[in-house]
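What follows is one structure encoded as C-alpha cells, with my remarks underneath.
Laboratory data are not the source of any read-out in this text; all were calculated from the coordinates shown. No experiment lies behind these values; they were computed from the predicted model shown. Cβ sites come from the backbone with ideal geometry, for glycine too, and all protein chains shown count toward neighbours.
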Amino acid sequence: MNIAIIPARGGSKRIPKKNIKNFCGKPIIGWSIELAIKSGCFDKVIVSTDDEDIAKLSKLHGAEVPFIRSEDLADDYTGVNSVIIDAIDRMKANFKIDYVCTILATAPLIQLSDIKYAYKQLITKPECDFAFSVTDYGFPIQRALKIIDNKISMFQPDFLNARSQDLEQAWHDAGQFYWGKCTAWLEKKAMFGPTSIPIKIPRYRVQDIDTLEDWERAELIFKTIRK
C-alpha cells in the first residue's frame, strides 16, 4: 500500500498556528490533504501532529490522525525524516507499506500532475529510492555575494568575470513533496543522492513559507495559478 504522511507540528513561532492558518479560504493544511486524496495515489493520508487543533481540522478535511506525535518529535530541532520514520514505525505493524510520500502542510502550490508524475517515475525505475521536487535558482550561485560589517565580497571570487551563460545551472529542494520506498525511509538512505529522481518544478510555482511576506506572496501566486 501507499501512504501520504503530512507532518504538521503546532509550535510554529514566526507564523503562529501556521499549519492551520487560513490560506485562500481554508486552513493551509487542508490544501495538502485534499490534493493527496484527489491524487488517487494513496491508500491512506496521514497527518502526524502533536496539536489537537491541527488533528481536528485535518480530520475535517479527510485525513486520518491515528496517533498524536510525542513531544520529543515536535521541537524546533527535529528533522522531517525522524517524524516520517516514527509514523512508518507506528503503521507498519498493521499494514504492508510499499511507498511513502511526505507532503508538506504548507505547500499549497503543489499540482496533482507533479505528485502523479513523480510516483510514475519512481515505480518505473527500481534502482531509485526517492523522487522529490526541485527548482532552479534564478541567478547563478557562483556569483553569490556576502556582506560582513557592511563590506561586500564574493563567495567565489574566481567567477568575478565569468559570464552567467557559461556557469553551471544549480538547483535546490522545492520543499513540496518527497516520494520514497518505505524501505529507503527506514534505512535512512540519502535523499539528495544518486538514487533520487529530481522532479523539476518551474520557479513560479515554488514559494517557501517562513514569514508573513512569504505567505502573502504564496497567496498571490496561488490565486494567479487558479485563474
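Observations, loosely collected:
- Here the contact order of the chain, divided by its residue count and restricted to Cα pairs under 8 Å and six or more residues apart, works out to 23 percent.
- Averaging Cα coordinates gives a centre for region 2-30 and one for region 52-81; these two points are 10 Å apart.
- In the chain, a dipole from Cβ-located charges (positive for Lys and Arg, negative for Asp and Glu) runs towards its positive end, and of Y77, I152, I15 it is I15 whose Cα lies farthest in that direction.
- Residues within the reach of a label modelled at Y137 (point 7 angstrom out along Cα to beta-carbon, backbone nitrogen below 14 Å), restricted to region 170-193, are 170-173.
- Charging the Cβ of each Asp and Glu at -1 and of each Lys and Arg at +1, and nothing else, the dipole of region 1-139 about its Cα centre rounds to 480 debye.
- In this simple spin-label approximation, L167 and K59 carry label points 7 Å from Cα along the Cα→Cβ vector, and these lie 5.2 nm apart.
- Exposed GluC sites (Glu not before Pro) absent - longest run of the chain, DSSP non-H/G/I/E/B, at most 14 other C-beta within 10 Å: 1-126
- Under the combined filter of DSSP loop state and at most 13 neighbouring Cβ atoms within 10 Å, region 61-148 retains these chymotrypsin sites (Phe, Trp or Tyr not before Pro): Y77, F95, Y137.
- In this structure, the amide hydrogen of F23, modeled 1.01 Å from its nitrogen in the peptide plane, lies closer than 5 angstrom to those of I28, counting only residues at least 5 positions away or on a different chain.
- Counted over the chain, the DSSP beta bridges are approximately 50% antiparallel.
- Under-5 Å amide H pairs with I5, H placed in peptide plane, nonlocal only: I46, C101, T102, I103
- The chain - mean residue ellipticity at 222 nm from DSSP helices (-39,500 (n - 2.57) per run, n ≥ 4, rounded to 500): -8500 deg cm²/dmol
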